[in-house]
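The values are calculated or read from the model by the stated rules, or taken from the named source; none is laboratory data. None of the values given here were measured: they were computed from a predicted structure. FYI the Cβ positions are ideal-geometry reconstructions off the backbone, even for glycines, and counts take in every protein chain you see. Each accessible area value is taken on the protein alone, full model and side chains, heavy atoms only, with ligands, DNA and RNA left out. Shrake-Rupley method; radii C 1.70, N 1.55, O 1.52, S 1.80 Å.
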Amino acid sequence: MMSMSALLFCVFLVFASLAHGAPPHYPVPIPPGGRLSVHGWLILPWEQVAPIKNASAPIHAWFVHHTPEFWPDSPHNFQIILGGAMHVMSTHENITYPIDLPYPPSSPLLANEYTFTPPDPFPLNDLLGGQITSLVGVVYNGSFDTTYERSAIALATLYLDQPLPYATATYLNMSTAIIPFKTQQYYSYPRNPLFLNQKDPSPHFYLSHAIHAAPDFDQVIHVEMPLSSCVCTNCHDASHQLPSFLALASQPGAMWLFPDIPNTLEARLMPSSSSSPSSSLSSVSAILFDDENGEDDSAYLDCQMKVLEEIHCVV
C-alpha cells in the first residue's frame, strides 16, 4: 500500500500565501498593470433564495478564473477561485430583472456553465494585488468552451469580498521540476459556507481540480458529502478530532486527496452515470489532512463524496 507521505508528495512552492486579512504573497512578481487581458469567471452560486421578488438582492457565489493556462507569458497563468457578490444592473428603462440562474438549493444542479465576463481587458495583477475590488461585466449562460453557443442574460457588477479572501491563487509553473500528482487532488468550496452552523447533515461542495504540473486539466464538479460518512483517523489528541476537521473542511480552498484514483484526465471524478473509470463507484473516498506533511501517522479525515455533476472541464 502506498504511504500517506508518498500520496501527498506535493510541495506547494507555487501556492500564494493568502491568509484572511493579510497581504498576499506570490512566487512571481505581479507589477501593476500586468497580465492585461479579458478575464472571465465561472459562477458557482451559494445556497440562497432566488431573487424573484427582490431582483436587486446580491447574488453570492464562488468565481473561478476562466480558463487558466501554463504558458509563462500567458496573462492567465494563475488558478484563482474567489468569493464575491453580483449585483444586477438596471436596464435603460430603469427596470431591474433578476438574473436567471439555477439557485441552489431549490435548483439541485447547475446543469449548464454560467459565466461572468467583463468585456474590456483589465490587469489581473491589479486584482491579485487588491487594487481592483469590483468588476462590471456580462452574465452568460455558456462560455467560449461550451458545446452550445453562449447567450447573454444580464449585466452585473461583481464586488469582490474584502479583504480579499482568496480561496485559491496558485501560480502555474511550467517547470519540469514540478512533479505531477500521482492521484487526484481537488480544492473544495462549500455551496453553503454556513453548513456547520446550520447543522446540514449532507452539505454540498464545488470541487476544483488542483492544476499543478503541465500538462493538466481544469475541471469543476459538484459533490455531496454526508457527514455521517466521515471518519477521523489517527485522531489521538484534542486538536485532531472530528469537529476540528469538519471546521477545516468548511474552509474554502481545503485540499482533498483521492488516493484510489490516478491523476489523469480519463480518471477524473465524474457523476456515476458517466463513462469515467470512477463511474462504477456510487461514492468516492476523499482524504483531508490538517497540514501538508501527510506522514503515515498523521491525523486525517476520510469522507465519502458523491459526484452529482461535472460543471466545467477544459484540457
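Treating r as the C-beta distance of residue 264 and residue 234 and R0 as 30 Å, the FRET efficiency rounds to 0.55. The solvent-accessible area of residue 82, taken with every protein chain present and a 1.4 Å probe, is close to 10 Å². Couplings 3J(HN,Hα) for the stretch 180-185, derived from phi with the Karplus relation 6.51 cos²θ - 1.76 cosθ + 1.60 (θ = phi - 60°), are x, 5, 7, 10, 5, 9 Hz, where x marks Gly and Pro.
Straight-line cross-link partners of residue 182 among the lysines, defined as a Cα under 24 Å from its Cα and at least 8 positions apart when in the same chain: 306. Comparing Cα centroids, the stretch 51-75 and the stretch 88-122 end up 10 angstrom apart. For residue 111, neighbours were defined as the other residues whose beta-carbon sits under 14 Å from its Cβ, and their charges (Lys and Arg +1, Asp and Glu -1) total -4. Full extension of the chain between residue 36 and residue 175 gives 47.7 nm of extra length, using 0.36 nm per residue less the Cα-Cα distance.
Inter-label distance, residue 132 to residue 149: 2.8 nm, where each label sits 7 Å from its Cα along the C-beta direction. If I histogram all Cα-Cα distances within the stretch 196-252 using bins 10 Å wide from 0, what percent of pairs lands in each bin? Calculated P(r), rounded to whole percents: 18, 40, 30, 12, 0. For residue 62, the residues whose amide H sits under 5 Å from its own are 44, 46, ignoring neighbours fewer than 5 places away on the same chain, with H placed 1.01 Å from N.
Other residues with beta-carbon under 13 Å from the beta-carbon of residue 170 carry, at +1 per Lys or Arg and -1 per Asp or Glu, a net charge of -3.
Treating r as the C-beta distance of residue 217 and residue 247 and R0 as 25 Å, the FRET efficiency rounds to 0.25. Extending 7 Å from Cα along the Cβ direction at residue 159 and again at residue 194 yields two label points whose distance is 1.7 nm. For residue 210, nonlocal amide neighbours, meaning residues 5 or more places apart or on other chains whose placed amide H falls under 5 Å from its own, are 185, 186, 187. Considering only the other residues whose Cβ falls under 12 Å of the Cβ of residue 204, what net charge follows from Lys and Arg at +1 and Asp and Glu at -1? Net local charge, residue 204 excluded: -2. Here the Karplus curve 6.51 cos²θ - 1.76 cosθ + 1.60, taken at θ = phi - 60°, turns the phi angles of the stretch 74-80 into couplings of 6, x, 10, 8, 9, 8, 10 Hz, with x standing for Gly and Pro. Ordering 176, 250, 207 by Cα displacement along the dipole of the stretch 174-275 toward the positive end leaves 250 in first place; charges were set at the Cβ atoms of Lys, Arg (+1) and Asp, Glu (-1).
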